[in-house]
Amino acid sequence: MAELLKLLKDGNKPSLMAACVNAFLGIIKGIAFFFTGNVAMFAEMMHSLGDAANQLFVYIGSALSKKAPTKQFPGGFGRIVNLVCLFAVIIVAILSYETIKEGWHHFIHPTGESSGILIALGVLFIGIVLEGTVLAKAAAEVLHESGQEKAGIASIPKAFTYLNRAKPATKLVFMEDLVATGGNFLAFAAILIAYFTGWGRIEGLVSMIIGVMMFYVVGKVFLDNARGVIGETDEEMLNHIAHLVMDDPNIKDIVRLEVIKEGEFLHVELVAEADPLLSLAFLDDVRDHLTEVILSQKGVSKVAILFDEDDGKTSWIHVGEKPNNSI
């Protein structure tokens, strides 16, 4: 239990914050839907509750992924966060379906003017403020994890450029809160349009749009984390580490280099060619030096280096390009 609590302290903070905010918003939106009967509010309630459950799972998964390797699992637990994200999107997919179904029903059979417009607008305004705050925090975290400087309110558009460098949990929070903030704006606009024009079908239409937006997040997150579960190469870091290795004067060539994403971490496996006349003690020092250099790179948590004798041929012609005889 003590170990679990210690791991939870290191969980992804933006996902925990987002879970708390969305749980609160889901409750007050549910109350607002009960009093107003507004279908756009129903869609936002489902969206917030789905995000809350999703992000809570992600927070727990990100914490458990930091558990140290064991004898039974020597590769560590980094991919747990990917597995948890895959499970979490199932919840969002179900809620997305329910949101679209309810929106379609309201669009085909409108129930007339919703009551309590001020309640609905007030709740959605609170949602815009809180979701926007979480989105800004997630954007700042994306930039931090990517080694970029924060840019105030400009952090949100800037984060799109570096989103692929962010940790899976942070990326999920950013995407979900981006859709959530947009959904709040759409629902707010739909209620106003329905009130002033009398076209109640727009609430059902917006509910379906919000559901489709949720499905987009489901698809994007599913594909990203499916690749993570299988074991995806970080191409950018592979190129960078190849440069570092080839800069060492004792390394003649790279036989194989793999930089695999293990959840929030990177595991590096290197087979390099060296002069066969070098002593084992000297090569051991070279290995220690390269291990230290590679481990100092952002996100790298494990390094395995093997040496082979130089065959006089260059396999790694272009740094960052996999050698011809790579596995």
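The values are calculated or read from the model by the stated rules, or taken from the named source; none is laboratory data. These numbers come from a predicted model, not from an experiment. Here Cβ is always computed from backbone atoms with ideal geometry, including for glycine, and neighbour counts include all displayed protein chains. For the accessible areas, the whole protein counts, side chains as well, though only heavy atoms, and no ligand, DNA or RNA atoms are used. Shrake-Rupley method; radii C 1.70, N 1.55, O 1.52, S 1.80 Å.
Each residue of the stretch 290-306 is assigned a 3J(HN,Hα), and the resulting list reads 5, 4, 5, 5, 5, 5, 6, 7, 4, x, 7, 10, 8, 9, 10, 10, 10 Hz, derived from the Karplus form 6.51 cos²θ - 1.76 cosθ + 1.60 (θ = phi - 60°), x at Gly and Pro.
Our coupling estimate for the stretch 276-281, obtained by passing each phi through the Karplus curve with A = 6.51, B = -1.76, C = 1.60 and θ = phi - 60°, is x, 7, 5, 6, 4, 5 Hz, Gly and Pro reported as x. Of the residues Ile90, Gly61, Phe185, the one whose Cα sits farthest toward the positive end of the charge dipole of the chain, with +1 on the Cβ of Lys and Arg and -1 on the Cβ of Asp and Glu, is Phe185.
The H on the amide N of Glu273, modeled in the peptide plane, is under 5 Å from the matching H of Lys252, Asp253, Ile254, Val255, Asp308, each at least 5 residues off or on a different chain. Distant-in-sequence amide contacts of Phe265, defined by a placed amide H-H separation under 5 Å and a gap of 5 or more residues or a different chain, comprise nothing. Work out how much length Thr161 to Asp311 would gain on full extension: take 0.36 nm times their residue separation and subtract the Cα-Cα distance, in nm to one decimal. Gain on stretching Thr161 to Asp311: 49.8 nm.
Ligands, DNA and RNA left out, the 1.4 Å accessible surface of the chain is 66% carbon and sulfur atoms. Counting only protein heavy atoms and a 1.4 Å probe, the chain has 49 square angstrom of accessible area per residue. Think of each Lys and Arg Cβ as +1 and each Asp and Glu Cβ as -1; about the Cα centre, that makes the dipole of the stretch 157-244 roughly 160 debye.
For the residue pairs Lys29/Lys101; Lys13/Lys298; Lys171/Lys313; Lys158/Lys220, the C-alpha atoms sit more than 30 angstrom apart in Lys171/Lys313. Placing +1 on the Cβ of every Lys and Arg and -1 on the Cβ of every Asp and Glu, with nothing else charged, gives the chain a dipole about its Cα centre of roughly 1340 debye. Placing unit charges on the Cβ atoms only, positive for Lys and Arg and negative for Asp and Glu, gives the stretch 205-327 a dipole magnitude near 740 debye about its Cα centre. Only helices enter the 222 nm calculation for the chain: every DSSP H run of n ≥ 4 contributes -39,500 (n - 2.57), and dividing by all residues gives -22500 deg cm²/dmol, rounded to 500. Comparing Ala180, Ala274, Ala190 in a Gaussian network model of the chain, where Cα atoms under 10 Å apart are tied by springs, the biggest mean-square fluctuation is seen for Ala274.
Fraction of C-alpha pairs exceeding 30 angstrom in the chain: 46 percent, rounded to a whole number. Partners of Lys6 within straight-line reach, counting lysines whose Cα lies under 16 Å from its Cα and excluding those fewer than 8 residues away in the same chain: Lys66, Lys67. The distance separating the Cα centre of the stretch 178-227 from that of the stretch 236-310 comes to 47 Å.
Just to confirm a number: summing +1 for Lys and Arg and -1 for Asp and Glu over residues other than Val142 whose beta-carbon lies under 11 angstrom from that of Val142, what do you get? Result for the neighbourhood of Val142: +4.
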